[in-house]
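What follows is calculated from the coordinates using simple rules that are stated; it is not laboratory data. What you see is a predicted model, and the numbers here were worked out from it, not measured in a lab. So basically every Cβ, Gly included, is an ideal-geometry build from the backbone, and we count neighbours across all protein chains shown.
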């Protein structure tokens, strides 16, 4: 399978090279826009409690691919949403994603000392500050969404808030992390591992894509189409993340690798094997792209993104 | 100072006895209503991730005085708000208060094994589950507020969400806990201790009272009056809480006492002494009651509550 098969009639190699460099530019452009917005919405550290606000900024500026913001911004584009609104919603999702990393890294959870090559928040500060900074990042995400700067319609803002809470709550991201914490003690079936991933990382991807449709006040049909794309995308992301952990070197990946197997973590690779998992990811990437065909060229970045992830090294 | 001086012309002893038993009934009635709502909004534990949902219920059903819900319900009454809406907002605030207790009890924070005579969440479950259950309680609070069951106006719901996030965020409750974590290492001035308390416990009380005015779509003047009452109330609450810790026995209080001094915690008693702190609390209770005089008899429960707290043993 090549990108050409999915995206159009151009010779696949040309199309792939051009598409990929355009995609990289679009990713970088979205990341800059959301980073500026994050810098604006995070409180300036001040007073006796400045330490927790420093830790919030530390966690956010550690970087990352800003994939979830990109999904919001590109999905919003399909519905002609004002980019200023999309960037606000994108920032809110990145705040929630970042809080989840800060808490997942804690000694009582995954006990990670490094993230993206930097000391994690509880190492750079301390455990109490990391718990509080995570709490505050989650809290401010909802404050961002509730503001009229995010959308003129309060109804739209409430929908965003309700769906973000659902996606990141105990039947979504938090529930997935709960299963993951218990997983090493259990032997999970392939279906359970897929469920875990759909909750732990999938739910927030799903909301990121649906957020564009909500901002655009699109129909239930559009919202479901974006969610369907996101479900495929989420599994591609997770499989390629697991492949990096299983196959890459620490140097290339910029993080500890081989941890999943070491910790006996249930992954899609332990369920399907390396070739099986890669094959499944390619299939899902193709299906994700097909789902967005009705939106034509406007959707091309979203269509190319899962293909692009298949080549990731980190 | 007696309650009679504040509340009206009835002989103070009679008034006090009748007022107090009415207040106790009103507190108990509000607690039952909010407990029923909390049972409705919390997810039923199910699936592989049921553990985190069990921990959420465990934390919520550990009880407590439900003071914050009472403040919402009584404030809403001043503005003729449908009690069904007030109970929803009250439940949301109690969810946030409960999450803060779960996280504050963690080993890396205050390291408490008991709360209200029961094992704390990280003892009854484990640390990871306690972190996740706290996260999920915070998250669902915003989901409750975003729902149209809480108010027909999405604008009102967004105002509640924005104010709750502000009150419980890094410049409010979380910031206060951050200062408190660092306080034993510092010698705080009386002003700093008051600031700490205004943030750590005061901000959520302030929002609880203002929520009634927001639900009633009352003017900025009404909102400020309720916040002013709440600022006084919050300090009375904190001083009486500190007095219980300093003076009561474990048996009467149903919790460990003398902890503040042992841990070198900065309290209003360390700043003003026992007699000084009690005198200040009486003054504040009087002022709080006066603030609500314009609302007449409808406000009597709110007026009596700070007086009632002055007699608390637990």
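Partner shielding of B:124-134 amounts to 5, given as the average count of beta-carbon atoms from other chains within 10 Å of each residue beta-carbon. Remark on segment A:17-168: ratio of C-alpha radius of gyration to 2.2 N^0.38 Å is 1.07. Peptides B:106-114, B:205-213, ordered by how many other C-beta atoms sit within 10 Å of their residues on average, highest first, read B:205-213, B:106-114. Counts of other chain beta carbons within 10 angstrom of each beta carbon in peptide A:142-151 average 5. Placing a label point 7 Å from Cα along the Cα-to-Cβ axis, residue A:22 is separated from the same position in the other copies by 7.3 nm, shortest listed first. With a Förster radius of 41 Å applied to the C-beta separation of residue B:40 and residue A:187, the computed FRET efficiency comes to 0.70.
At an R0 of 22 angstrom, the distance between the Cβ atoms of residue A:290 and residue A:21 translates into a FRET efficiency of 0.40. Let a ≥ b ≥ c be the square roots of the eigenvalues of the Cα gyration tensor of segment A:130-213; is it rounded (a/c under 1.5), or, if not, prolate (a/b larger than b/c) or oblate? It is oblate, given that a/c is not under 1.5 and a/b is not larger than b/c.
Expressed as a fraction of 2.2 N^0.38 Å, the rule-of-thumb size for a compact globular protein of N residues, what is the C-alpha radius of gyration of segment A:32-310?
Relative to the rule-of-thumb radius for its length, segment A:32-310 sits at 0.98.
From the helices alone, meaning DSSP H stretches of at least four residues, give me the mean residue ellipticity at 222 nm for the protein assembly as shown, per-run term -39500 (n - 2.57), in deg cm²/dmol to the nearest 500. The helix contribution divided over the protein assembly as shown gives -22500 deg cm²/dmol. Note on residue B:220/residue B:148: beta-carbon distance plugged into 1/(1 + (r/R0)^6) with R0 of 30 Å gives a FRET efficiency of 0.75.
Values of log10 I(q)/I(0) for segment A:62-110 across q = 0.13, 0.16, 0.17 Å⁻¹ run -0.36, -0.50, -0.54, by the Debye formula with one identical scatterer at each alpha carbon and no solvent. Across peptide B:107-113, the mean count of Cβ atoms from other chains lying within 10 Å of each residue's own Cβ comes to 3.
Across the copies of the chain, residue A:228 has label points (7 Å from Cα along Cα→Cβ) spaced 5.9 nm apart, shortest distance listed first. Stokes-Einstein diffusion for the protein assembly as shown at 20 °C, viscosity 1.002 mPa s, with a Kirkwood radius from C-alpha pairs, works out to 84 µm²/s.
Compared with the direct C-alpha span, the chain from residue B:274 to residue B:61 gains 73.4 nm at full extension, assuming 0.36 nm per residue. Inter-copy label distances at residue B:261, shortest first and taken from points set 7 Å along Cα to Cβ: 6.0 nm.
What shape does segment A:119-176 take by its C-alpha gyration tensor, where a ≥ b ≥ c are the square roots of the eigenvalues and a/c under 1.5 counts as rounded, a/b above b/c as prolate, and the rest as oblate? Judged from the Cα gyration tensor, segment A:119-176 comes out oblate (a/c at least 1.5, b/c at or above a/b). Distance between the modelled labels on residue A:84 and residue A:54, one decimal in nanometres: 3.4 nm (7 Å Cα→Cβ projection).
Whole Å is fine, so just give me how far the alpha carbon centre of segment B:107-143 lies from that of segment A:62-99. Centre-to-centre distance over Cα atoms comes out at 31 Å. Under the simplified labelling scheme, the residue A:312-residue A:247 pair shows an inter-label distance of 1.4 nm, with each label point 7 Å from Cα along Cα→Cβ.
For segment B:161-314, the square roots a ≥ b ≥ c of the C-alpha gyration tensor eigenvalues yield an a/c of 1.5 or more together with a/b not exceeding b/c, which makes the shape oblate.
Net length available on complete extension from residue B:123 to residue B:262 is 47.8 nm, with 0.36 nm assigned per residue and the Cα-Cα distance removed.
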